[in-house]
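Asks: Here's a structure for you.
The values are calculated or read from the model by the stated rules, or taken from the named source; none is laboratory data. On a predicted model such as this, the values are computed, not experimentally measured, just so you know. In this analysis, Cβ positions are derived from the backbone assuming ideal geometry, glycine residues included, and neighbour counts consider all displayed protein chains. Surface accessibility is based on the protein's heavy atoms, side chains included, excluding ligands, DNA and RNA. Shrake-Rupley method; radii C 1.70, N 1.55, O 1.52, S 1.80 Å.
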Amino acid sequence: MSDLRALYEQMILDHNRKPRNFQRKPEGANRHAYGYNPLCGDEFTVNLTVEDGVIKDVGFEGAGCAISTASCSLMTESIKGKTLKEAEALFRGVHNLLTQEGEVGELGKLKVLSGVRDYPSRVKCATLAWHTLQAALENKQETVCTE
Ligand code: ZN
């Protein structure tokens, strides 16, 4: 097993056992989006409190498999306190990392998400959180679907 693969497995286990910012709606949440991955049945609502262009707080609710839950947990942890621009850059970086297209940029520990590429059928579980985040940033009302 490669180091990255080991780190990935560890991250999924840890974030799935103790998801961060899970089953909570932050005080004053003003941006929301609902995402659904029909391939696996994962569904999450992402709630953001955005003030002065900064993500002050974030929470997510719903249910999904270990990969989608861990990815959502990691996403909330990494965007808290970020500006909208920084969050958008992280979304693009993770998206490019998982689709292996384009610039990835500075992702820090989010790089471990690339471990999911060894399981192509689960990539949509990992991207769901990020597509839902992007929809929340745009305050989209329609359901985000990974299909
Ligand atoms: Zn899933």
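Asks: Karplus couplings for the range 50-64 from phi (6.51 cos²θ - 1.76 cosθ + 1.60, θ = phi - 60°), rounded to Hz, Gly and Pro as x?
Replies: Per residue, the Karplus-derived 3J(HN,Hα) values read 10, 9, 6, x, 10, 7, 6, 8, 8, x, 9, 10, x, 8, x Hz.
Asks: Which one of Thr143, Asn96, Tyr8 is farthest out on the positive end of the charge dipole of the chain, using unit charges on Cβ (Lys, Arg +1; Asp, Glu -1) and the Cα centre as origin?
Replies: Of the candidates, Tyr8 comes out farthest on the positive side.
Asks: Okay, next question. Please list, ordered by chain and number, the residues whose modelled amide H lies under 5 Å from the amide H of Val58; skip anything fewer than 5 residues away on the same chain.
Replies: Answer set, sorted by chain and number: Thr49.
Asks: Right, here's the next one. How big is the dipole moment of the chain about its Cα centre under a simple scheme where the beta carbon of each Lys and Arg is +1, that of each Asp and Glu is -1, and everything else is neutral? Debye, nearest 20, please.
Replies: Working: 18 positive and 20 negative charges, 58 e Å.
Dipole about the Cα centre, nearest 20: 280 debye.
Asks: While we're on this one: Working from Cα positions, state the angle (0 to 90°, nearest 10) between the long axis of helix 84-99 and the longest principal axis of the chain.
Replies: 30
Asks: How do Glu88, Glu142, Glu103 rank by accessible surface area computed with a 1.4 Å probe, from largest to smallest?
Replies: Descending order: Glu103, Glu142, Glu88.
Asks: Using the alpha-carbon atoms, what tilt in degrees (0 to 90, nearest 10) does helix 123-137 show relative to the longest principal axis of the chain?
Replies: 20
Asks: Let me ask something else. Based on alpha-carbon centroids, what's the gap between the range 122-142 and the range 33-87 in Å, whole number please?
Replies: If you average the Cα positions of each part, the centres end up 8 Å apart.
Asks: So who's got an amide H within less than 5 Å of the one on Arg31, skipping anything under 5 residues away but keeping other chains? H placed 1.01 Å off N, in plane.
Replies: Leu48, Val50
Asks: Based solely on its DSSP helices, what 222 nm [θ] is calculated for the chain when runs of n ≥ 4 H residues each add -39,500 (n - 2.57) and the sum is averaged over all residues, nearest 500 deg cm²/dmol? Walk me through the numbers before you get to the answer.
Replies: On the way: 4 runs with 60 residues, N = 147.
The helix contribution divided over the chain gives -13500 deg cm²/dmol.
Asks: For Cys72, Cys145, give me the order by solvent-accessible area with a 1.4 Å probe, most accessible first, ignoring ligands, DNA and RNA.
Replies: Details: Cys72 0, Cys145 65 Å².
Order by accessible area, largest first: Cys145, Cys72.
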